[in-house]
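Derivation of every value follows stated rules applied to the coordinates shown; laboratory data play no part. All of these numbers come straight from a predicted model, not from anything done at the bench. Every residue, glycine as well, gets a Cβ built from its backbone with ideal geometry; the counts of neighbours run over all protein chains shown.
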Amino acid sequence: MRTLLVLCGIAALIGGGLAFKSQKYQKPAEHVTADWIYNGTFRTRVDHFRAQDARVVDFVYHANLNFTGENGPVYIYLKDAGDYTTRWIESGLVVDLARESNGSIFTFDYRYFGNNRPTPNTTFENLEFLTIEQILADVAQFVNYITLFHDVYGSDVIIYGAGYGGTLATWARKKFPHIVDAAWSSSGIYELIVASLSVYDSLSYSIYRTSGADCRNLVQEAFEEAEELIAENDAASLQELFNLCNPIVTNSTNDVSSFFQNYYDLLVDFVQTQHASGIQDMCDDLEESSLSPLEAFSEWARFALTGEQCFDASYASKITQRSNPAWDELGTLSGRRQWNYIQCTQAGLFQITDDWTWLPNHVELLYQIAVCQDVLGPDYVFDHIRAALEFLRNQYGSLYLRSSRTIYTNGEVDPKMYNGIIYTTDPQSVAISIPEHGRASDIPPIQDTDSAELVAVKERIVELLRDFTIPPPLPPPPTDAPLL
Ligand SMILES: *[C@@H]1O[C@H](CO)[C@@H](O)[C@H](O)[C@H]1NC(C)=O
Ligand SMILES: *[C@@H]1O[C@H](CO)[C@@H](O)[C@H](O)[C@H]1NC(C)=O
Ligand SMILES: *[C@@H]1O[C@H](CO)[C@@H](O)[C@H](O)[C@H]1NC(C)=O
Ligand SMILES: *[C@@H]1O[C@H](CO)[C@@H](O)[C@H](O)[C@H]1NC(C)=O
Ligand SMILES: *[C@@H]1O[C@H](CO)[C@@H](O)[C@H](O)[C@H]1NC(C)=O
């Protein structure tokens with residue numbers, strides 16, 4: 001069998017160029033909004049928690065009002081990191097639900113992201129108002145505004161989202177149950193700790209359970225070979241293999257870490273977005289190759305992960321890009337600087353390796369601290385994150401969060417699944433695992449290409465959301481009126 005696969009690989013090579021089964025890794029979409037999407041603005045406070053600070057700011061929001069009608073619920077989509085589009089209010093499972101329920105669908109970019117800029121720039125000082133609590137207060141403000149302005153006051157409000165958007169949806173439900181009637185969190189992240197080994201560990205398990213030990217070992221050997229080249233100071237070979245823009249500075253711990261982190265994270269993203277079928281294609285591509293594990297992996301990575309142009313993996317570029325506080329620069333446009341700030345000051349959950357990780361141990365917490373420090377500057381103090389996380393844990397309970405009328409969905413090959421909520425003890429909430437899928441595969445509409453299991457999950461979500469929008473019956477009147 002193995003021989004046959006190798007022969008096929010060679011045949012593909014001879015047959016003109018390289019043939020890969022894998023799809024190319026999907027870069028986040030450009031900022032796009034369909035011309036029929038409604039654009040509005042709502043006013044919110046720069047600082048919700050200090051009444052003395054009277055500054056207000058107008059934020060842009062978007063709405064799909066095609067189906068707005070009698071008894072229609074309000075659906076609000078909270079975006080995941082890096083999404084500045086309106087794609088999931090233009091089409092998606094909830095758009096189809098809105099069509100049948102007279103619903104209206106809204107979304108907006110979080111403060112400091114997209115066009116919603118509360119301060120003149122993003123210096124460390126000016127990022128002070130970028131906190132999870134401020135974002136959630138914006139959500140409450142937003143619901144109050146749109147339900148009045150769009151004349152849907154009294155409608156059921158359902159908040160949903162993918163990734164961190166899912167997390168925020170659940171937290172909004174938990175914090176404002178009088179405003180948010182139900183939440184759906186697709187691949188939400190809930191673990192509130194400084195750093196986690198489980199993402200890279202689960203990556204191993206995702207590959208192993210999909211394709212077996214051979215493929216997992218090939219990936220491991222590829223990274224170990226890369227580690228050997230670095231130990232031998234052979235930056236030139238690595239630069240050529242991976243088509244890097246700059247040679248790795250082999251005596252710089254941070255530059256070496258940055259190289260490994262980039263590829264580990266690209267693999268995590270690839271698995272999250274390409275699901276079990278993508279893992280299988282990658283494994284076929286690697287196993288069919290007659291090259292060494294490192295050669296095969298780097299060739300595949302150039303094709304599937306990084307594309308034609310040279311790949312900039314250097315520590316210096318990462319820091320330079322994220323350090324510029326001006327708007328309309330690469331780091332602020334992409335939102336990487338802002339996410340970096342949230343992670344370094346509040347959210348944590350740095351993905352790290354240690355000596356027991358299957359991949360070479362080059363992404364340690366010390367490296368992540370260095371990134372925070374070098375990007376955010378001398379006023380930033382890493383130790384403060386522990387207090388910020390303790391506060392969040394007290395508010396939201398980490399993986400022990402309890403929220404009613406909440407749906408948690410997770411993909412079983414998503415390496416971040418174990419940072420999410422995969423079971424719930426709340427009788428009015430449901431946790432559903434989706435076999436063979438990565439991240440947020442249930443956000444798009446039901447499609448012909450969906451597996452039977454995925455269709456079943458999507459139908460269940462729609463059924464639950466329909467149930468959640470039927471107003472609960474009023475409590476019976478008290479039999480004995482209390483004496484005043
Ligand atoms: C809303 O804004 C987008 C750009 O963000 C634009 O492409 C679109 O045409 C606008 N829609 C309307 C109805 O004006
Ligand atoms: C909403 O209406 C516009 C124009 O009326 C149409 O182009 C668009 O496809 C509709 N969108 C959906 C999701 O039905
Ligand atoms: C949707 O609106 C139409 C009229 O605008 C109404 O007849 C219908 O009952 C509404 N559907 C629901 C589910 O309330
Ligand atoms: C950032 O904005 C503040 C005003 O909030 C201004 O005082 C400061 O000079 C700006 N810094 C940079 C680097 O643009
Ligand atoms: C790394 O090596 C270069 C020469 O190749 C040298 O100039 C530099 O000082 C070294 N840096 C460290 C941190 O050792």
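For the reader, a short list of remarks on this structure follows.
- Student exercise, region 147-267 dipole from Lys, Arg, Asp, Glu Cβ charges, in Debye to nearest 20: 880
- For the chain, the longest principal axis of the Cα atoms and the long axis of helix 2-14 meet at an angle of about 90 degrees.
- 3J(HN,Hα) along region 420-435, derived from phi through the Karplus expression 6.51 cos²θ - 1.76 cosθ + 1.60 where θ = phi - 60°, amounts to x, 9, 10, 8, 9, 9, 7, x, 9, 10, 9, 10, 10, 9, 10, x Hz, with x in place of Gly and Pro.
- Convex hull volume of region 27-102 per residue (C-alpha atoms, cubic angstrom): 130
- Shape category assigned to region 350-412 from the gyration tensor of Cα positions, a/c cut at 1.5: oblate
- Local charge for S198 was computed over the other residues whose Cβ lies under 10 Å away, with Lys and Arg +1 and Asp and Glu -1, and equals -1.
- Over region 139-232, the hull volume per residue, using the convex hull of the C-alpha atoms, is 158 Å³.
- Across K175/K318; K24/K318; K318/K458; K174/K318, pairs whose alpha-carbon gap is larger than 31 Å: K175/K318; K318/K458; K174/K318
- Gyration tensor (alpha-carbon) shape descriptor, region 125-188, a/c threshold 1.5: oblate
- Distance from region 223-267 to region 310-325 (C-alpha centre basis), Å: 15
- Anisotropy class assigned to region 267-416 is oblate, per the alpha carbon gyration tensor with a/c at or over the 1.5 cut-off and a/b no larger than b/c.
- Helix-derived mean residue ellipticity, 222 nm - over the chain, DSSP H n ≥ 4, -39500 (n - 2.57), to 500: -13500 deg cm²/dmol
- Degrees between helix 384-396 axis and first principal axis of the chain (Cα, 0 to 90, nearest 10): 50
- A Förster radius of 25 Å, combined with the Cβ-Cβ distance separating D379 from E133, puts the computed FRET efficiency at roughly 0.75.
- Paramagnetic reach from Q447 in region 75-106 [backbone N under 17 Å; point 7 Å along Cα→Cβ]: 86-97
- Which of H362, H275, H178 has the fewest Cβ neighbours within 10 Å, and the rest in rising order: H178, H362, H275
- Think of each Lys and Arg Cβ as +1 and each Asp and Glu Cβ as -1; about the Cα centre, that makes the dipole of the chain roughly 1540 debye.
- Applied to region 408-418, the Karplus parametrisation 6.51 cos²θ - 1.76 cosθ + 1.60 on θ = phi - 60° returns per-residue 3J(HN,Hα) values of 10, 10, 9, x, 6, 9, 6, x, 9, 4, 7 Hz, with x for Gly and Pro.
- Note on S186, S277, S289: ascending count of other Cβ atoms within 10 Å places them as S277, S289, S186, the fewest first.
- For region 34-53 versus region 83-128, the gap between their alpha-carbon centres in whole angstrom: 11
- The amide H of F350, built 1.01 Å from its N in the peptide plane, has A195, S196 as neighbours under 5 Å, considering only residues 5 or more places off or on other chains.
- When peptides 365-373, 195-203, 45-53 are sorted by average Cβ neighbour count within 10 Å, with the highest value leading, the order is 195-203, 365-373, 45-53.
- For the chain, the share of alpha carbon pairs falling in successive 10 Å distance bins from zero is 4, 18, 28, 26, 15, 6, 2, 1, 0, 0 percent.
- Applying 1/(1 + (r/R0)^6) with r as the Cβ-Cβ distance of I193 and E70 and R0 = 51 angstrom yields a FRET efficiency of 0.65.
- Lys, Arg +1 and Asp, Glu -1 on Cβ, resulting dipole of region 336-484 about Cα centre, debye, nearest 20: 400
- Taking amide hydrogens as placed 1.01 Å from N in the peptide plane, the amide H of F311 sits under 5 Å from those of L244, C245, each at least 5 positions away in sequence or on another chain.
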